[in-house]
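Working notes, structure below.
We did not get these values from a lab; they are worked out from the coordinates using the rules stated. As the structure is a computational prediction, the values presented were derived from the model and not from experiment. Cβ placement follows ideal geometry from the backbone for every residue including glycine, while neighbour counts extend to all protein chains displayed.
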Amino acid sequence: MGKMGKKMGSLLDLLVRVKTHKALDRAVRENKDYQYTLKRQDKAFDRLDNAELSKEQGAIVDKAISTANDCDAAYGAAAYRLGLQDEIRLASEVKEFE
């Protein structure tokens, strides 16, 4: 990857970090599907808290949930980065036709 490619990659990484932490937070606050899912998650965690799991069982469940969350976050960031790359490529191609 050339110098320009590395700079573009760094810029994309920065945009992904900013968008996934600020703009996304704003967007999901207003998204009904997300809010519904969040309420379902809260209920599930309430049930888990009341399940009276042993310390070892709780640690296993916590690790599984944390790993799933990490995976979902990485997937979302990769999807956003890919979409942003597609948008940049499309804008570049449209500019060629002007």
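Details
- Normalised by residue count, the chain yields a Cα convex hull volume of 132 Å³ per residue.
- For the residue pairs K22/K55; K32/K55; K39/K63, the C-alpha atoms sit more than 29 angstrom apart in K22/K55; K32/K55.
- Dipole moment magnitude, nearest 20 debye, region 27-98 about Cα centre, only Lys, Arg, Asp, Glu C-beta charged: 240
- The stretch between A74 and L53 holds 4.7 nm of extra length on full extension. This uses 0.36 nm per residue minus the Cα-Cα distance.
- FRET efficiency for the pair L12 and Q35, taken as 1/(1 + (r/R0)^6) with r the Cβ-Cβ distance and R0 = 30 Å, rounds to 0.55.
- Rounded FRET efficiency, nearest 0.05, which uses the C-beta distance separating E98 from D42 and R0 of 41 Å: 0.25
- Projecting the Cα atoms of S66, L14, L24 onto the charge dipole of the chain, computed from C-beta unit charges around the Cα centre, puts L14 farthest toward the positive end.
- Most tightly packed first, judged by the mean number of other beta-carbon atoms within 10 Å of their residues, the peptides 78-86, 62-70 read 78-86, 62-70.
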